[in-house]
Amino acid sequence: VSPLVSWEGFPILMPTFEDCPIAITTDFGADSAYVGVMRGVILSINPKATIVDHTHSVPSYDVLAGAVLLRQSYHYFPSSIHLVVIDPGVGSSRRPLLLITEKYAFVGPDNGLFTPICESEKPWVIELNQERFFRSPVSRTFHGRDIFAPVAAHLSLGVAPETLGRQIVDMVTLEIPTPRVVEGSVAGTILRVDKFGNLVTNMTPATLGEARISRDDLVMRIGDQVVQKWVESYAEADPGVAIILLGSSGLLEISVNQGSAAELLRASAYEAVFAYRKPG
Amino acid sequence: VSPLVSWEGFPILMPTFEDCPIAITTDFGADSAYVGVMRGVILSINPKATIVDHTHSVPSYDVLAGAVLLRQSYHYFPSSIHLVVIDPGVGSSRRPLLLITEKYAFVGPDNGLFTPICESEKPWVIELNQERFFRSPVSRTFHGRDIFAPVAAHLSLGVAPETLGRQIVDMVTLEIPTPRVVEGSVAGTILRVDKFGNLVTNMTPATLGEARISRDDLVMRIGDQVVQKWVESYAEADPGVAIILLGSSGLLEISVNQGSAAELLRASAYEAVFAYRKPG
Amino acid sequence: VSPLVSWEGFPILMPTFEDCPIAITTDFGADSAYVGVMRGVILSINPKATIVDHTHSVPSYDVLAGAVLLRQSYHYFPSSIHLVVIDPGVGSSRRPLLLITEKYAFVGPDNGLFTPICESEKPWVIELNQERFFRSPVSRTFHGRDIFAPVAAHLSLGVAPETLGRQIVDMVTLEIPTPRVVEGSVAGTILRVDKFGNLVTNMTPATLGEARISRDDLVMRIGDQVVQKWVESYAEADPGVAIILLGSSGLLEISVNQGSAAELLRASAYEAVFAYRKPG
């Protein structure tokens, strides 16, 4: 941890991230040469950097999906630098950001990606404006390569976060869909569909508790498709039948054992999903 | 190597895996945030772990495909910890396993994945039951994150395998398709289709020897499609024509130079494939 | 750097690549067990090797696409060993190669992959013929595993490049499409389509300068589809509308903000693209 700083109102110890792994999240696809180039840029600045892929399967341009995936995963990493590039606004006036919490640094565009981080933590938010830490020249189309990867690499060398920019208080935020609850009924959203076709909702066991719906009474509906079997694990369900269970990220999921709920129910991300009590 | 142990019948030197790379095999897809989270969990326990991807392209839920790919690849790695998660039975009573050979540790579910390892090696088989080496709480849906990745990470720190569980002798096994041979004829199976559309069979040159079929006389049939040209390398074949050759894993393959045999012959994994002598 | 050598006409200091990262480029797909096996082979030879993925999304068998991607990316890496396997001629008489520049080593097949490297640099070109640095036996179908990965690993251990083979002067080259320019008009080619559906052409701002076409007057045509809006960044364009901009690799791209130009214009790699002045 760096010495006490008194810089633009930063009142206390600002952590540093020397030797911390750089975890990359993008919408580029795992195969992408764009990710490869970012890895090269990082190693050019810090040859000893530990680079680790979080995921590159965020749907193209889908900032909300990136925000949701980051929220679900970031805390499984040790003290890390999360390099996050879902950036449809690259080259516009949207600002490049650095968020600092006690354990993590987040580097990426100011487009709402970090909204959930600000709900679960109280980060310092810094606008990156020190061009000496960027590649030169900075392109108008690939700040992952020219700004974000270089800044992440410099952080992993131990550069103090407060030297990278200026504190801001007006970070762009995104509306993250939250379930609306009334007694006996919840109106929620499918947050994402994973590779297995599991439909990850934005409801938790607490949501059901608030709505006073027990697992035994639970019915979920997507469009005209109804699912009403709660199980504790995929294997409890008969293959091919849609069920509801508590997924690994603490959210309720609609799944099909050894099949795809997305296909069976013809459902996709951001569709509405309703929970209510079994009638009768 | 750890000192001589005399634990539940382990009679001899039990190897340890300090500083060995952790090679990951899953059916999650390379892009998957699930793999990213497993990487984060490993680094949280052992920040110096070497994490290396074997493959994440095992078809969803296909334990047999995982077993086959693992058999074909594991020995190309140096002394390693193979972390293998193809786990449709997660959360059920299926046991979490650790297999130990002189050179390798295998961590994964007790669902048959490790059948071929027990054919080529004589591993100790350990049921993982020491919860202090798991994440807490353990979810019912993601043991890759909560049990297998943490155990692999602890092994890479040098934790002695015998402290992780108890020896068992009733590991679940899977029937791995083997070719049936009679004089002049073999009934085999397509084990897998690779990214290039190559059809990897379960026959070897020894299989043909046993059936007394020479390469010059060889004919293979899948459904009503017949292939009868043996070549030594893809490049010997005319583009677009199906041929038979010895693949890199020592198995006979049906391939198309610069094309896809799977598409041309409309064939897929687990279909029957027959070999016999050219008539006349 | 190794001492002065005088070997088959190598007149000056030959660099070595001890501890340099090994950056892998293939057409195997990111998920591929073939890449996993190459990683295992590298770690078997050099357990401390830094392995970094450039990209595995080169279209199957497409040597030209591999050459183009490598040219666009290789220089973003620090001093590195580029291990490049797009190899439809594996097992034929095509030679295995090592190219050495001041900063980089390139290992891969002699099929034209390295043509652009020889345009931008003046590498030593070495035919790999020292079998003691290969795996044994060498298969006829997977030199990535048996020749190229082992040689890359040995280079990362500090083996002197000049001990790995003999200098040659007749490397296979490939015709890389270059734009044909006349006053007011350019006939070019779409070099590749990225994951976002951006169409990367082989034209640069200098090409337009040569043809005396200003950005304001620029029209591009693919088949019967015409695009005539120049923007500085994706975000300047209305979503869904095709635009032209300067891509991150210094080439002109046709793109759709938050959409796919490839889909909108039904265009694909290697199609002709024309640039000319807006009439009137």
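Every number in this text was worked out from the coordinates using simple rules, so none of it is lab data. What you see is a predicted model; the values in this text were computed from it and never measured. Because the Cβ atoms are built from the backbone with ideal geometry, glycine has one as well, and the counts that use them run over all protein chains shown.
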Dipole magnitude of the stretch A:100-203, debye to nearest 20 (Cβ charges: Lys/Arg +1, Asp/Glu -1, about Cα centre): 380
3J(HN,Hα) from dihedral phi, the stretch A:142-154, Karplus parametrisation 6.51/-1.76/1.60, rounded to Hz, x for glycine, proline: 8, 6, x, 6, 9, 10, 6, 5, x, 5, 4, 5, 5
For the stretch A:55-181, would you read off the P(r) tail past 22 Å as a percentage of all alpha carbon pairs? 30
Angle between chain B longest axis and helix B:33-45 axis [Cα atoms, degrees, rounded to 10]: 40
Under the Karplus relation 6.51 cos²θ - 1.76 cosθ + 1.60, θ = phi - 60°, what is the ordered set of whole-Hz ³J(HN,Hα) values for the stretch A:248-262, x standing for Gly and Pro? 5, 9, x, 10, 6, 10, 9, 9, 10, 4, 6, x, 10, 5, 4
When N counts the residues of the stretch A:22-130, how does its alpha-carbon radius of gyration compare numerically with 2.2 N^0.38 Å, as a ratio? 1.00
For the stretch C:131-271, compute Rh as the Kirkwood radius over C-alpha pairs and then the Stokes-Einstein diffusion coefficient at 4 °C and 1.567 mPa s; write the answer in µm²/s, rounded to an integer. 71
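Could you compute the longest span of chain A free of trypsin sites (Lys or Arg not before Pro) located in DSSP loops and having at most 13 other Cβ atoms within 10 Å, not counting the site residues? Don't skip to the answer; put the middle values down first.
Details: sites that count: A:LYS48, A:ARG212, A:ARG266.
With trypsin sites (Lys or Arg not before Pro) excluded where exposed in loops, chain A gives A:49-211 as its longest stretch.
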Between helix C:63-73 and chain C: long-axis angle, C-alpha atoms, 0 to 90°, nearest 10: 90
Within chain C, the percent of DSSP beta bridges that are antiparallel, given to the nearest 5, stands at 75
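Determine the alpha carbon to alpha carbon distance for each of C:LYS103/C:LYS195; A:LYS195/B:LYS48; B:LYS48/C:LYS48; A:LYS229/A:LYS278; C:LYS229/C:LYS278; B:LYS229/B:LYS278 and list only those over 19 Å. Before the final figure, lay out the partial values.
Values: C:LYS103/C:LYS195 30 Å; A:LYS195/B:LYS48 29 Å; B:LYS48/C:LYS48 12 Å; A:LYS229/A:LYS278 11 Å; C:LYS229/C:LYS278 11 Å; B:LYS229/B:LYS278 11 Å.
Distance filter (> 19 Å) returns C:LYS103/C:LYS195; A:LYS195/B:LYS48.
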Would you please give the FRET efficiency between C:VAL172 and C:ASP217, computed as 1/(1 + (r/R0)^6) with r the Cβ-Cβ distance and R0 = 41 Å, to the nearest 0.05? 0.50
Of all beta bridges DSSP finds with both residues in the stretch C:192-271, what is the antiparallel percent, to the nearest 5? 95
P(r) for the protein assembly as shown, please, calculated from all Cα pair distances in 10 Å bins and given in %. 2, 12, 20, 25, 23, 13, 4, 1, 0, 0
Rg [Å, one decimal], Dmax [Å, integer] - chain A, C-alpha atoms: 20.9, 68
Using unit Cβ charges (K, R positive; D, E negative) and no other charged atoms, how large, in debye to the nearest 20, is the dipole of chain B about its Cα centre? 240
Can you give the calculated 222 nm mean residue ellipticity of the protein assembly as shown, where each DSSP H run of n ≥ 4 adds -39,500 (n - 2.57) and the sum is split over every residue, rounded to the nearest 500 deg cm²/dmol? -4500 deg cm²/dmol
Karplus-derived HN-Hα couplings along the stretch C:21-30 (A = 6.51, B = -1.76, C = 1.60, θ = phi - 60°), whole Hz, x at Gly and Pro: x, 9, 9, 9, 10, 9, 10, 8, x, 4
